[in-house]
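Only the coordinates and a few stated rules stand behind these numbers; no lab work does. None of the values given here were measured: they were computed from a predicted structure. Methodologically, a virtual Cβ is constructed for each residue, glycine included, from the backbone with ideal geometry; neighbour enumeration extends over all protein chains shown.
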Amino acid sequence: MIENNLPALHVVIPLIAAGVCALFKKDVWPFRIACVALLCSFAAVVTMLTQVAGGDVISYFMGDWGRKDYYDAMTGVKDSAVVGIEYRIDMLNIIVLLLISFIGLVMLPYAKHSIEAEIPRQKRSLFYVMFLLCFAGMLGIVTTGDVFNIYVFIEITSLSTYTLIALGRDRRALTSSFEYLIMGTLGATFILIGIGLLYMMTGTLNLVDMSVRLEEVSHTNPVIAAFAFITLGLAMKIALFPVHIWLTNAYAYAPSFVSAFLSATATKVMIYVFIRLIYDVFGQDFSFAFMPLSEILITLAILGIVVGSVTAVYQQNVKRLLAFSSVAQLGYMTLALGLATETGLVATIVHLSNHALSKGLLFLCVGAVVLRVGGSRVDDFNGVAKQMPLTMAAFVLGGFSLIGMPLTAGFISKWYLLQALLEEGHIALVIVLLISSLLAIVYIWRVVEAAYFKERDAKAKKLTEAPLGMLISMAVLVCANIYFGVMTDFTLGFARDAASQLFHGGL
Amino acid sequence: MDYILGGYNYWMAIILMLTGLYAVIVSGNLVKKLIGLVIFQTSVLLIYISAGLVKGAHFPIYELNAHNVPLDGVVYVNPLPHVLMLTAIVVGVATLAVGLALAVRIKEAFGTIEEEELIVLELADTKRAQEELIIKKKPQKPAKRMTRTSKGGKR
């Protein structure tokens, strides 16, 4: 009974838990409920992982109501179509699902301490409500096989994200949240227009049906317009270079936990949607051969990499620095995606998960320092390493992974990215990549230098190491960063299978 | 002429969409921005609803004969876009609610909802944080913290 409904349960449990949490005034029970809900989701995802690992696809219809035969009175054709909402899990989305549920679960012990320091008492239970909604929405985006469902889940995630960002202590959190609301809603509405045009041309909302029917009409104007709208909308959500402005402010002023969680998941989910729509729905022939997506993505990605890395070097606020670094890293992912090769796709998928691990870890460490020191400027880090050795050690390791040092997760994805670029003979792009990595060393070094080689103000109060809950979260992510840097079978194997599934078989 | 009149509903939707987009980009007042956003979202509703229309078709409830059996050969309007747009309307209302709530909070925290003044105030915040660093009066408590906590008691 439960086993058959896992594809729905892992989304529904956090969604219901969010409603239950809203009933509590204090934050003790909401925290416990959130723990249980995330644990259930994670368990469900792991169970499904074992089911799809062999290359099977789980297809689940909401309410067991889906494929119907229908009779078209206009043309007199009898046909069958998917009318229900399908949840579909294959190699590609299981890896993203696993990432999100893992990150959510691992960061939860951290959340308790972090929000106790940063969010007023009466809002803490509501924080868990929003967090669970955001989490459920992300899982929903990734699981669903229905285009309109994707839009609805995007809005669930976005609306809860706006609220989470606005919880930041700094008053600029409010304006950056508003900015994100405007940009995010414009982006989501563009996606909605694109979905509408696709629906007009195909008469279906199911991804599989749509991809089949689009082949007949793929060169008509509405489909081209739909492609443009969806690409633009998703670019705004991914924070691709010219429309990345919301990301840096939002991550800089949001509560530490929220920055960490969002940097590890929110944009990654959108990249997943992008991959899904390009490769499965529009098809790579249409996206890359007929439309100039490759050129656009590569140009914007390079600009994003360069601008993001260079701006990151000059930032005074470490959270903002990491946010700009995220813009550059998202550039790597879109660059690999723009190559339109199988290796490029593998690099995108691997980098997506590895960057989530490293950037999540870095934001967690910064959050721990913010908790003890009270600020997140580079100068606030002066001499922190002596009093918070574990936190800063974790930061250094996260930095290594971000830069792409061997034996860390970041190395694997950079290596694949280089391979993908060399395969296509883009030597100039390889140089850009190396320069950007050097810049990454520079901006990570600035923080490390402040923490290890500068003296802390003598009059300042003594610092203690971060609380145990926070250390547990960081330790797990450190282990994950090292584990996926040494044992590459799991991520690489899955990414390769997912890429070949997308490239050769479609859904 | 036929080209323009034939799809006039789409033209109206496009005009609304561009009006909304223009309002979002140009207006400096946050509430006006939100109004522009709502106009922009509403135009999408029109596009979808237009797509559901079948000329001369029956409303989407089964036409029954004397034995309560659905008649064959009746053309129905497509009801799905309307249902989808119900969801989109809800999403739009929720977005507007969150946006207005944020505007209220911004008014409380900054004392203005004009974008230009907000930018000045934000720059002042950043500058103050840096100056404080140079003076090193209170390295423990940056100014940005005080602005919110002083107001926090009311809420």
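Where nothing but the Cβ of Lys and Arg (+1) and of Asp and Glu (-1) is charged, how large is the charge dipole of the protein assembly as shown around its Cα centre, in debye to the nearest 20? Present the calculation step by step, with values, prior to reporting the outcome.
On the way: 49 positive and 44 negative charges, 775 e Å.
So the magnitude is around 3720 debye.
Once both labels are modelled 7 Å past Cα along the beta-carbon direction, what's the residue B:124-residue A:290 spacing in nm?
Label-label distance for residue B:124 and residue A:290, simple model: 5.6 nm.
Give me the compactness ratio for the protein assembly as shown, meaning the Cα radius of gyration over 2.2 N^0.38 Å.
0.97
Once you average over the residues of A:369-381, how many Cβ atoms of partner chains fall within 10 Å of each Cβ?
So the per-residue partner count for this stretch is 3.
Exactly which chymotrypsin sites (Phe, Trp or Tyr not before Pro) in the range B:24-95 are in a DSSP loop and have at most 12 other Cβ atoms within 10 Å?
Sites meeting the loop and neighbour criteria: B:62.
Can you put A:302, B:14, A:431 in order, fewest other beta carbons within 10 Å first?
A:431, B:14, A:302
Taking Cα pairs under 8 Å and at least six residues apart, what relative contact order does the range A:214-317 come out at, in percent?
Values: 47 pairs, mean separation 31.1, N = 104.
Answer for the range A:214-317 is 30 percent.
Hey, what did the range A:230-381 get for relative contact order, percent, Cα under 8 Å, at least 6 apart?
Working: 191 pairs, mean separation 44.9, N = 152.
The value is 30 percent.
Relative contact order for chain A using alpha-carbon pairs under 8 Å, separation at least 6, rounded to a whole percent?
14 percent
Counting only other chains, what is the mean number of Cβ atoms within 10 angstrom of the Cβ of each residue in peptide A:152-160?
3
Any number yet on Rg/Rh for the range A:81-199, C-alpha, Kirkwood? Write out the running numbers ahead of the final one.
Details: Rg = 16.3 Å, Rh = 15.9 Å.
Ratio of gyration radius to Kirkwood radius for the range A:81-199: 1.03.
Pairs A:112/B:127; A:268/B:33; A:237/B:32; A:359/A:454; A:268/A:359: which are spaced more than 20 Å apart, C-alpha to C-alpha?
As for pairs spanning more than 20 Å Cα to Cα, those are A:112/B:127; A:268/B:33; A:237/B:32; A:359/A:454.
Counting other C-beta atoms within 10 Å, which of A:453, A:42 has the fewest, and how do the rest follow?
A:453, A:42
Mind checking the angle between helix A:221-238 and chain A's longest principal axis? C-alpha axes, 0 to 90 degrees, to the nearest 10.
Between the helix axis and the principal axis of chain A, the angle is about 20 degrees.
Residue by residue through A:173-184, how many Cβ atoms from other chains fall within 10 Å of the Cβ on average?
Average per residue, whole number: 6.
Can you show me the helix-derived [θ] at 222 nm for chain A, built from DSSP H runs with n ≥ 4 at -39,500 (n - 2.57) apiece and divided by the number of residues, rounded to the nearest 500. Could you put the intermediate results ahead of the total?
Details: 19 runs with 364 residues, N = 507.
That comes out to -24500 deg cm²/dmol.
How big, on average over all directions, is the shadow cast by the Cα convex hull of the range A:258-339, in nm²?
Averaged projected area of the range A:258-339's Cα convex hull equals 5.3 nm².
Binning at 5 Å from 0, report for the range B:1-137 what percent of all alpha-carbon pair distances ends up in each bin.
Taking all Cα pairs of the range B:1-137, the binned fractions are 2, 9, 11, 13, 12, 10, 9, 8, 7, 5, 4, 3, 2, 2, 1, 1, 1, 0 percent.
Between the helical axis of A:409-423 and the dominant principal axis of chain A, each derived from Cα atoms, what acute angle in degrees is found, rounded to the nearest 10?
Approximately 50 degrees, to the nearest 10.
Using only the Cα atoms of the range A:119-168, what are the Rg and Dmax in Å?
12.1, 39
Residues with beta-carbon under 15 Å from that of residue A:236, excluding residue A:236: net charge, scoring Lys, Arg +1 and Asp, Glu -1?
Neighbour charge sum, excluding residue A:236 itself: -1.
Taking the number of other C-beta atoms within 10 Å as the exposure measure, put A:50, A:143 in order starting with the fewest.
The fewest-first ordering by Cβ neighbours comes to A:50, A:143.
How far is helix A:318-338 tilted off the main Cα axis of chain A, in degrees rounded to 10, range 0 to 90?
30 degrees
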